[in-house]
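Structure record follows, encoded as structure tokens.
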Amino acid sequence: MQINRQRLLQDLADLGTIGRTPEGGVSRPSWSEADLEARRWLMARIQAAGLTGRVDGAGNIFGRWEAGGPVVLVGSHLDTVPNGGTLDGALGVLAGLECLRRVKEEGIRLRHPLELVAFTDEEGAFGGFFGSYAFAGKLTHDAIARSRDVQGRSITEAMGHVGLDSAQALSDRRDPADIRAYFELHIEQGPILERQRASVGIVETIVGIQRFGVTFRGRADHAGTTPLQDRKDALMGAAELIRRAHDLILTEGTPASRVTVGFMHVKPGVPNIVPAEAYLTLELRDVSSAKLEQLQARSRDLVHRVATEWGLTSSIETILNINPVPLSTDLQQAIQSAADELGCSTMRLPAMAGHDAQVVGSIAPAAMIFVPSRDGRSHSPAEFTSEDDIDRGANVLLNALLRCSGT
């Protein structure tokens, strides 16, 4: 059984116009106008396919074929990073939609219903994984209260703008007993498959992520009249932390360890005033829970030592804490069997980016299928996967879903 290749490619092209940037990328941060347009577009596609569509309290979009349970879920997310690519997240949602359409068109009777899901805010405009956290029952009142975008707008305000109450997301936990499996097709976002000339990646483990907000506080002084040795420069503390955190990972980490400072804000932000406050995000990743815990403990200690050395005070806020998640070996085998049947070359590998599958995988069997990314590029307009690789990945997904849904 095969997907309708041209229909899937057309869907990807159509969705890719929503939030299009002058550079050829896509900007659809969660709850932006572009994201809202994409949501309406997807719901129209779900309804046109004759699927049962709904939106839960977290803003997650569902499209279901057949009643009963437990259900086999398939999906990803619609939101993007600013000026990202057209495939990250979107491929998993639209390939899942195409799979459900083909099953329905062929009149295939299933022992387990199929359900499409597009999760809210995977990319982190408001912190990340809001929708899948709600789905998995891992969302809290405090997390909702802390969820704000870089402009300071709360997720409560953003959702309220479209008539949704963010507190309702706390009531949308899915019973794990109702989930037979979750599948997510995704571009690799790295160079491994392309280098190894493999058509399909079967993900074994998804990386753990610890993201912190670090604030250094010093003293605002005149940039001309205050000698360097007399300053309490918060930005110097932040700069020192960035350099030493990088060295820490190189010396104490593994080949799978990562550290990134992706955002910084300085106050008062005036050229002729010594910075009184510097805020930055510090993100750690590893596929080993033990190594990740070691690195975060060492990083926290490093923050305090740097603050002391530069005469500053410091504080650390946990933004994201996701453990590494091993994916279902049974579902990996279903993917392998589907790929073998279709003649696709495969390799096993970890996922070094965060995905909704790791949140769902903490409560139910989950699996991920990767397709190659040209030059390993992602989160940029240069993101590209060939039409043939998209076709192969979607067909492996379809046949894995059929195996798992009990045709």
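Please treat every number below as a calculation from the coordinates, not as lab data. Predicted, not measured: the structure shown is a model, and the values here were computed from it. As a convention, Cβ positions derive from the backbone with ideal geometry for all residues, glycine included, and neighbour counts pool all protein chains shown.
Please list 238-249, 351-362, 90-101, 368-379 highest first by mean number of surrounding beta-carbon atoms within 10 Å per residue. Provide the component values of the computation, followed by the final result.
Details: 238-249: 17.8, 351-362: 24.0, 90-101: 27.1, 368-379: 22.0.
Result, highest mean Cβ count within 10 Å first: 90-101, 351-362, 368-379, 238-249.
Karplus couplings for segment 122-137 from phi (6.51 cos²θ - 1.76 cosθ + 1.60, θ = phi - 60°), rounded to Hz, Gly and Pro as x?
Karplus-based 3J(HN,Hα) across segment 122-137 equals 5, 6, x, 4, 10, x, x, 6, 4, x, 6, 4, 4, 4, 8, x Hz.
Which far-off residues, 5 or more places away or on another chain, put their amide H under 5 Å from the one on L78, with H placed in the peptide plane?
The list, which skips near neighbours in sequence, is F119.
Which residues' amide hydrogens lie under 5 Å from the amide hydrogen of G190, considering only partners 5 or more residues apart or on another chain, with H built in the peptide plane?
Here S373 satisfy the definition.
Which lysines have a Cα lying under 30 Å from the Cα of K267, excluding residues fewer than 8 positions away in the same chain?
Hits, sequence-local ones excluded: K232.
Could you run the Karplus curve 6.51 cos²θ - 1.76 cosθ + 1.60 with θ = phi - 60° over segment 141-156 and give me ³J(HN,Hα) per residue in whole Hz, x for Gly and Pro?
For segment 141-156, the Karplus-derived couplings read 4, 5, 5, 5, 5, 7, 6, 9, 8, 5, 8, x, 6, 7, 5, 4 Hz, x marking Gly and Pro.
Lys/Arg Cβ at +1, Asp/Glu Cβ at -1, dipole of the chain taken about the Cα centre: which of L15, V117, A297 is farthest positive-ward?
It is A297, whose Cα lies furthest towards the positive end.
Residues with amide H under 5 Å of I179's amide H, sequence separation 5 or more or different chain, H placed in the peptide plane at 1.01 Å from N; which?
V71
For R258 and K138, calculate 0.36 nm times their separation in residues minus their Cα-Cα distance, and state this gained length in nm to one decimal.
Working: separation 120, 0.36 × 120 = 43.20 nm, distance 2.48 nm.
Separation in residues times 0.36 nm, less the Cα-Cα distance, equals 40.7 nm.
Once every DSSP H run of n ≥ 4 in the chain is given -39500 (n - 2.57) and the sum is divided by its residues, what mean residue ellipticity at 222 nm do you get, rounded to the nearest 500 deg cm²/dmol? Write out the running numbers ahead of the final one.
On the way: 12 runs with 147 residues, N = 407.
That calculation yields -11500 deg cm²/dmol at 222 nm.
What are the ³J(HN,Hα) couplings of segment 384-389, residue after residue, when phi is run through the Karplus curve with 6.51, -1.76, 1.60 and θ = phi - 60°? Round to Hz, x for glycine and proline.
Taking θ as phi minus 60°, the curve returns 7, 10, 5, 4, 5, 5 Hz for segment 384-389.
For the chain, with a Gaussian network of springs between Cα atoms less than 10 Å apart, report the residue from F135, F119, F212 with the top mean-square fluctuation.
Top of the fluctuation ranking is F212.
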